[in-house]
1. Given an 8 Å cut-off on Cα distances and at least 6 residues of separation, report the relative contact order of chain A as a percent.
2. Starting from the residue with the highest accessible area, list B:Lys57, A:Lys120, B:Lys130, A:Lys410 in decreasing order, probe 1.4 Å.
3. In a GNM of chain B with a 10 Å cut-off on Cα contacts, which of B:Gly43, B:Gly23, B:Gly237 has the highest mean-square fluctuation?
4. Based on C-alpha coordinates, I'd like the Rg and Dmax of the protein assembly as shown, in Å.
5. Can you give the log10 of the normalised intensity I(q)/I(0) at q = 0.08, 0.13, 0.17, 0.18 Å⁻¹, computed with Debye over equal Cα scatterers of segment A:7-203?
6. Against the longest principal axis of chain B, how steep is helix B:2-14, in degrees 0 to 90 to the nearest 10, with axes from Cα atoms?
7. Tell me the Kirkwood hydrodynamic radius of segment A:162-235 in angstroms, computed as one over the mean inverse distance between distinct C-alpha pairs.
8. Using only the Cα atoms of segment A:282-514, what are the Rg and Dmax in Å?
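The values are calculated or read from the model by the stated rules, or taken from the named source; none is laboratory data. What you see is a predicted model, and the numbers here were worked out from it, not measured in a lab. Positions of Cβ are backbone-derived with ideal geometry, glycine not excepted, and every protein chain shown enters the neighbour counts. When the accessible area is computed, the model is the full protein with side chains, heavy atoms only, and any ligands, DNA or RNA have been set aside. Shrake-Rupley method; radii C 1.70, N 1.55, O 1.52, S 1.80 Å.
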Amino acid sequence: MNTFLSLPNVLLAVIVLAIIGFVLGRGRARASVMGDLPKLHSRPIHHGWHVVLATAVPAILVLFFWSFLQGLVSNSILNANIDPSLPDLQIPEAQRALLSEETIVVREAAQRGLFAENVKTLAAALTGAGPSIDIATSDYEALANNLRDAGQVVSADITPGMLDAALDLQALQTRLSMIGPAIAMVLAVGGFFWAFGRIGAEFRARNVVERWIMGFLIFASTMAILTTVAILAAVTVPSLTFFSEYGFLNFLFGFDWSIAGDVVGQPEGENGEYASQLGFMPLLWGTLYISFVALIVAVPLGLMAAIYLSEFATARFRAWVKPALEILAGVPTIVYGLFALVTVGPFLQAVVGTTIMPNTVSVITAGTVMGMMLVPFVSSLSDDVINSVPQAMRDGSLGLGATKSETVTKVILPAALPGIVGAIVLAASRAIGETMIVVLAAGALSSVSGLEANPFGAVVTVTTRIVAVLQGESSGFDSIDTLAVFALAFTLFFITLGLNLLAQRIVAKYREQYD
Amino acid sequence: MKDTTETDRAMSTQNDVKISAKGVQVYYDKNQAIKDVDVEIEGRTVTAFIGPSGCGKSTFLRCLNRMNDTISICRVEGDILIDGEDIYDPRVDPVQLRAKVGMVFQKPNPFPKSIYDNVAYGPKIHGLAKSKADLDDIVEKALRRGAIWDEVKDRLHAPGTGLSGGQQQRLCIARAVATEPEVLLMDEPCSALDPIATAQVEELIDELRSDYTVVIVTHSMQQAARVSQKTAFFHLGNLVEYGDTDKIFTNPEDPRTESYISGRIG
């Protein structure tokens, strides 16, 4: 039974039961009216589906949530069960004498947390290595080596207290991991018989099934929104911590960005200042500068492409070029980044000379390539907007003796303008959030001061700094630099969110005119 | 003898042939939509094209200002002469032609611009106004001609799309008139309008007859009887019968016309 109550087994069992329920439910519905189907309120297939839903949905939900809940439960039990008298948790008397009361409390809490982490790692290692490991040993070094040989991670030195706690935790986890599947199995069988019992001529299975389907649709439509809210929450908390530590205005209107290095446990520098300069302005400037160059490239090209494709191109040309443009939109941005780095950058440098352009990476390099990336985006969206201008507008204009180009510039573009502006704003928000091209082609200065005006100079952008800080020597998620990254992400989120909202409002306003 | 001269004089002042079509064939790809149509449309007259759906009356109408050129699969053969000039001659620019032969469409299609700009659009393109005051005059004249001036004179800069359906259609007529065309083509101009708006537009069509040659496609036989002096009945791409409206409706020659008029086909 122990081995049966694992998640995959139970999931499979629930699904099999649901399928059986479908077939049997359908049959029973038919049988309940002796095959005289018009007597049934709902068709047999709805009764079948009703059994499926009642069997599978609650069970699968329980399985799903239990796999999260399980970890939380075992963690809280582990924390509650840690014996404070364990030698692992004690601070040596010699050190204790040197520390203040508050520091001792902090240290003890930290030590407890570390111990809990070690226990969890060890329990995972023991579970992963399987029963072949001899745990009834007092040679902890040998045990650690055995675990490592079995491919497991053992980070800290194993102590007797740690091993005991780990074994307890392992047993607890085994028991917990069966509770969820057991509940799920009971629910599945219960749901099966409950639904099966309700089958009959009067039962409105179709209405119930349709309500369930509506529930799924609502879930699907709100899922992405809920995820966005969750992301926002996850980014907001560290950002607020950062703002309160570094100062919101210092961040927003700081003109210097330089990471001092690891500042963990040393929140303040020698002069009472933060060692890292974390000003947002140079990053915002770099981001907007590159985005601006990208839009200068993308908007005219994309718009003219859209006008040509929708108004002038022959059907044959359009059939070739439109899919080709859309394929371009599917090229991964890292490929564009490489193109910028190895082709466009050196080419530009060769053209303007090394005095103006000391590096191949620059605003222009990243901007032009990003612009090329955005061309299909702009053209595709604008093409849709131009095509949605009613044919009656074209006829009306042509019927008055206007030429095709007069019709385009004086009637179609003004009518499509709000939609086109929406497309441009969306393109801008993509440019601002774009990462790979700028990481490769905009420059990787680790410290900047002020705003670089030279379009052939290197800049830093918000996204490149996020990548750089998170990739660098990790200093833990509580260092001021890492927190600053959250603040960057937070601000970036709001800038792009604002732009998208703006674009939506413009597009919505445009829609009102024709619907 | 005296009678003849008077009739002749009447013919020469009022009823000159404005549009003359000979052997017109229209194809959409391989389907023939118009079969060998000959027709002579008189100047300063309202001519109605009637017939069941899909009989080719709108297609033929769109040949008269070469709007069919904008449909790539459409091919027109035969001769269509306006004032004796072949409009399908390679030397004729369809853009110039459409300034001379205005068109009003089935659904009112004002541009998403102000009322003023809707009317001023054509005159501006064709350079008819020398100054702003000149343009204001043209716009006012056209709106008066379209019998909508009194309703919109206080809100010339409000969007044309904000008017009611009947007002929009009269605005579109004013817009077509503003380019000073000689011929006005109307493709079921009242089919999207309610009876009151329809009556207003019909009254307007009758007034327009004094200055323009009007050709109107309509589904409504009553409308044809009310507004037109000449009627052409189309059926399956053929011009079945063409003559004075009174005669077509009271004493048709072709049995198909009679069946349609009396409601047995179509």
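1. Details: 637 pairs, mean separation 85.6, N = 515.
Computed value for chain A: 17 percent relative contact order.
2. Details: B:Lys57 10, A:Lys120 60, B:Lys130 185, A:Lys410 90 Å².
From most exposed to least exposed: B:Lys130, A:Lys410, A:Lys120, B:Lys57.
3. B:Gly23
4. Rg and Dmax of the protein assembly as shown, Cα atoms, are 40.1, 142 Å.
5. The calculated log intensity ratios at q = 0.08, 0.13, 0.17, 0.18 Å⁻¹ are -0.48, -0.79, -1.05, -1.11.
6. 50
7. Working: mean 1/r = 0.0592 Å⁻¹.
In segment A:162-235 this quantity evaluates to 16.9 Å.
8. That works out to 20.3, 71 Å for Rg and Dmax.
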